[in-house]
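Take a look at the structure below.
The values are calculated or read from the model by the stated rules, or taken from the named source; none is laboratory data. Quick caveat, the model's predicted, so the values are computed rather than measured. Because the Cβ atoms are built from the backbone with ideal geometry, glycine has one as well, and the counts that use them run over all protein chains shown. When the accessible area is computed, the model is the full protein with side chains, heavy atoms only, and any ligands, DNA or RNA have been set aside. Shrake-Rupley method; radii C 1.70, N 1.55, O 1.52, S 1.80 Å.
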Amino acid sequence: CFRNEGISPRHNPEFTQDEIYHAFGDYHTMMELTESVVQFVCTELELPEQLPYGQLTMKFATSCLRIPYLELFAKVTGLAPDDVEAIRKRALELKLDAELKGPVELRNDIFEKVVEETLIDPTFVIDYPVELCPLAKTRPDDPTIAERFELFVGGMEVANGYSELNDPAEQERRFAGQLADSTHEWAALDADYVRALEYGMPPAGGLGIGIDRLVMLLVNVRNIRDVVLFPLMRPTTGADVVDNEPS
């Protein structure tokens with residue numbers, strides 16, 4: 001894959017990803033598949049259940065912990081997920097850019113800054129706010145929550161998956177909502193994608209596993225440049241920048 005983004009110890013613009021779609025699956029089957037992939041790799045490499053990662057120790061159990069996003073946010077930060085003023089105050093204390101962002105974006109910035117680093121053992125964060133998941137189905141019992149998960153290990157995101165949204169009308173509405181909130185002049189509604197959905201797509205689960213990050217964790221390497229084939233390098237002058245950016 002290639003993304004025109006910055007370079008850090010966790011990010012390389014060119015990277016390797018295992019991307020999977022499962023017809024008639026959902027985010028539950030994708031979590032099960034993710035667990036089986038990680039366990040298969042650990043078994044093949046004859047790795048112990050507990051692995052070091054820098055100063056951390058990660059425990060790879062057969063089944064990963066599953067915690068809802070909003071529940072985890074409240075538990076770690078001590079903030080009520082719907083307390084807009086408290087969230088904005090905490091964002092300012094953390095020196096996050098809070099001027100042009102709404103409460104959902106600010107809450108997620110705080111999540112990335114404060115919560116992610118606490119997720120050491122393999123943990124599925126599930127049931128994200130729908131505003132953060134434009135391509136995911138919502139839960140049948142709660143249209144504000146998307147059937148999405150992210151797997152975190154060693155304080156960083158390793159996998160992302162969800163129940164794919166296959167309703168073209170709902171997808172077009174979501175895209176239009178994003179455009180209304182966008183400050184990018186180049187942003188445009190992806191009409192080709194909506195048209196493809198109109199031809200028909202079965203219910204499906206989708207999954208992406210960051211292979212380079214998984215390798216980093218399994219071989220106890222802290223910089224992604226040590227595991228990708230052709231890393232982009234910083235200039236040789238000056239020390240490496242400490243990775244303080246969100247995953």
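From the list Glu19, Glu14, Glu32, Glu71, which residue is at pLDDT 95 or above, touching a Cys at 6+ places or on another chain (Cβ under 9 Å) and open to solvent by 90 Å² or more (accessible area, probe 1.4 Å)? Talk me through it step by step, then tell me what you get.
Working: Glu14 fails: at pLDDT 95 or above; Glu32 fails: touching a Cys at 6+ places or on another chain (Cβ under 9 Å); Glu71 fails: touching a Cys at 6+ places or on another chain (Cβ under 9 Å).
One residue alone meets the criteria, Glu19.
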Candidate set: region 74-88, residues that are more than 11 Å from Ile110 (Cα to Cα) and of a type in the set (D, E, K, R); chosen: the one least open to solvent (accessible area, probe 1.4 Å) | Asp83
Go through region 91-144 residue by residue and tally those that are open to solvent by 50 Å² or more (accessible area, probe 1.4 Å), of a type in the set (A, V, I, L, M, F, W, C) and under 18 Å from Asp26 (Cα atoms).
-> 1
